[in-house]
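Beneath this line is the structure, given in structure tokens, with notes to follow.
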Amino acid sequence: MATPAYTGPFGKAQAERLLWRAGFGPRPGEAARLAKLGLDEAVRSLVRPGPEKLVGPEPKEDRGRPLAPVDAYGHDHLWWLDRMVRTSRPLVERMTLVWHDWFATSNAGVGSQRLMLQQNALLRRHALGSFRELLLALTVDPAMLLWLSGTENTRRSPNENYARELMELFTLGEGNGYTERDVREQARALTGWRYTWRRGAGAVDFRFDRERHDPGMKVIFGRRGTFDWRDACNLCLQHPRHPRFLVEKLWGAFVPVPPDEATRAELERLYRTDYRVRPVLEAILRHPALYTGPRMVKPPAVYLAGLLRGLGRGVDTASWVWLGGMAGQRLFYPPDVAGWDDGRWLDTATFRGRWAVANYALSPYSLSDRRGPTVPNDPEAIVAGALRVVGEPTIRPETRELLLRFARSSLAGARTGWKAKAYPPLVANAVRQLLVTSPDYQTC
Amino acid sequence: MRALALLLALAAAGALLGAAQGAPAPQRMQVTEDEWSLALSRQRLRPGIALIEVFNLGQDAHDLVLQRRAPGARAVRVPRLDYFQRRTIRVRLAAGTYALWCSLPRHRERGMSATLRVR
Ligand SMILES: [Cu+2]
């Protein structure tokens, strides 16, 4: 039995939703091109992309200097944002973001942009691959070892941080099929990792040290053995509750309502064979629920990257760093190990951030009666122009009508005199701002 | 060997290209502060202009002093930063060895010091 596939029309609107959910939205014309491929080919192009090509202008900071992702605050954020904007492999980049949220590590605890970027490369390398390989690599990744005290976990003084999150957040779910004793025994299995502290350089040379490892007998999930860190991971992966946890969490990154029983069981079967993520993703991205179900709020980083893609603008200002924070998603600084709370993407504080993001994104395109093209004193043309500048996103007729009504009423008193020339560009700027902050554009 | 020669040729071409486009971007380094350490994102810089960013990730306030180990060398000071504050300074570095430390009482002794080589 296979999971059901969407069989309705696959036009520009459906392709747009797919590109926003599985990536960072379309560049101008991209949704129409993807729609022509049909659903199966469109999904295949995302889950089996060719080699990465970065398309568009090189990123720079405000003075036009190149980014220094390892050496300057915020440039880590800008570097990744640029990758989201310019990538030709949007699902790889989107899954890198999904894993960053899943294994949420913050530089506030790590204190090294270099180690954070190394972890980011690891997430990208395994983005569509094997969850088993990802979990094993991440368990001993230097940033993770620092973040969850892996290098403080020794036979003499076990530290349970990683053991607990390994089960609670990464593989099983809170209290789902393990006990406090399992946490303690997993911590013992995970002992042995250390680094060398070099003055001026910090933690270097992360390695396994047999002397620090507890080689004794452990009992984990009722199984006995002299388990080590690899066993700790494998035992979680082999736990009967793990496939369901993974499938539901992964599904939740793409579809806002839970899968039906039959779909979930089939996704679990796909995953269980060899822990590969790609077939599960392919099934989720073809599923009717993705195309016919309720809309999802775009995460702030996705919203901005997609807005820049639509505008054809590259990363050219460091303002995206503080604006990202204000909108609720400073990359490399998730709020805690549980990752970002997507229930907060549209609260009163973060919405204000999104409004500011929209304003900054549109500002280089700002119209005026003193420069640039003449804006016609015509509500229809102004709304059409706003849609064009952000790459012709699909919006509902009622949203279009609201924008038109706003343009009409704003221009009503400006038929003649100086207002007839001065108002249209102002109204056009406002319509653009309203368009990209509308529910239609904030969600997908 | 041939690969190496090609790489060197490419590097030389890159250098020429850089020169043709005007002054190269200044080199950058980040110093993260914590209790009780300083960590430099680079252990070595070239002589010339550098942008050095000091970023306090510790719980307490810290400052930073940068001074070349040479008679009469002037010290560059970055004032106290609270948690998560940062400050970037622009300095002209001469070849030699620089000492970096936090000058708050006893912070240097506790480990807040580092060495930067410029050459
Ligand atoms: Cu200090």
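In percent, rounded to a whole number, the relative contact order of chain A is 21, using alpha-carbon pairs under 8 Å and six or more apart. Legend: calculated FRET efficiency, A:A32 to A:A265, from the Cβ-Cβ distance at R0 = 45 Å, rounded to 0.05, equals 0.80. How far is helix A:419-436 tilted off the main Cα axis of chain A, in degrees rounded to 10, range 0 to 90? Its long axis makes an angle of about 20 degrees. The shape of the range A:136-212 comes out prolate: with a ≥ b ≥ c from the C-alpha gyration tensor, a/c is at least 1.5 and a/b beats b/c.
I'd like the distance separating the alpha-carbon centroids of the range A:324-372 and the range B:56-119, in whole Å. Value for the Cα centre distance between the two parts: 35 Å. Couplings 3J(HN,Hα) for the range A:280-292, derived from phi with the Karplus relation 6.51 cos²θ - 1.76 cosθ + 1.60 (θ = phi - 60°), are 5, 4, 4, 5, 5, 6, 9, 6, x, 4, 5, 9, 10 Hz, where x marks Gly and Pro. The length gained on full extension between A:A108 and A:A13, counted as 0.36 nm times the residue separation minus their Cα-Cα distance, comes to 30.2 nm.
Could you order A:W355, A:W418, A:W79, A:W251 so the one with the most accessible surface comes first? Probe is 1.4 Å.
The ranking, largest first, comes out as A:W418, A:W355, A:W79, A:W251.
Taking a ≥ b ≥ c as the square roots of the Cα gyration tensor eigenvalues, the range A:199-305 comes out oblate, since a/c reaches at least 1.5 and a/b does not exceed b/c. Largest accessible area first, the residues A:D274, A:D71 order themselves as A:D274, A:D71 under a 1.4 Å probe with ligands, DNA and RNA left out.
With each label modelled as a point 7 angstrom along the Cα→C-beta vector, the A:R125-A:R48 pair spans 2.5 nm.
Cα centroid separation, the range A:1-68 to the range A:222-242: 37 Å.
Along the range A:153-166 the Karplus relation, 6.51 cos²θ - 1.76 cosθ + 1.60 evaluated at θ = phi - 60°, assigns HN-Hα couplings of 9, 10, 4, 6, 9, x, 10, 8, 3, 5, 3, 5, 5, 3 Hz to successive residues, with x for each Gly and Pro. Accessible area of A:L331 (1.4 Å probe, protein heavy atoms only, ligands and nucleic acids ignored): about 0 Å².
In this simple spin-label model, placing a label point 7 Å from the Cα along the Cα-to-Cβ direction at both B:R106 and B:R77 gives a separation of 2.2 nm.
Here the protein assembly as shown is described by how far its Cα atoms reach on the three principal axes: 80, 72, 55 Å, from widest to narrowest. At an R0 of 25 angstrom, the distance between the Cβ atoms of A:F208 and A:E180 translates into a FRET efficiency of 0.45.
Think of the protein assembly as shown as a dipole: +1 on every Lys or Arg Cβ, -1 on every Asp or Glu Cβ, centred on the Cα centre; then among A:P240, A:A361, A:L37, A:A361 lies furthest on the positive end. Each part gets one Cα centre, and for the range A:122-160 versus the range A:245-299 those centres are 25 Å apart. Phi-derived couplings, Karplus 6.51 cos²θ - 1.76 cosθ + 1.60 at θ = phi - 60°, listed residue by residue for the range A:220-225: 10, 6, x, 9, 9, x Hz, with x used for Gly and Pro.
Among A:R33, A:R63, B:R108, A:R207, the sequence by solvent-accessible area, most first, with a 1.4 Å probe is A:R63, A:R33, B:R108, A:R207. Secondary structure note: in the protein assembly as shown, about 80% of the DSSP beta bridges are antiparallel. Between A:D62 and A:R388, the C-beta separation translates, for a Förster distance of 41 Å, into a calculated FRET efficiency of about 0.90. For the range A:366-444, relative contact order (Cα pairs under 8 Å, six or more residues apart, normalised by length) works out to 44 percent.
Under the Kirkwood approximation applied to all pairs of distinct alpha-carbon atoms, what is the hydrodynamic radius of the range A:366-444 in Å?
12.6
The magnitude of the dipole of chain A, with charges of +1 and -1 set on the Cβ of Lys/Arg and Asp/Glu and taken from the Cα centre, is near 840 debye.
For chain A, the mean residue ellipticity at 222 nm estimated from helices alone is -15000 deg cm²/dmol, where every DSSP H run of n ≥ 4 contributes -39500 (n - 2.57) and the total is divided by all residues, rounded to the nearest 500.
The values are calculated or read from the model by the stated rules, or taken from the named source; none is laboratory data. Since we're looking at a predicted model, the values are computed, not measured. Positions of Cβ are backbone-derived with ideal geometry, glycine not excepted, and every protein chain shown enters the neighbour counts. Just the protein is used for accessible areas: all its heavy atoms, side chains included, with ligands, DNA and RNA removed. Shrake-Rupley method; radii C 1.70, N 1.55, O 1.52, S 1.80 Å.
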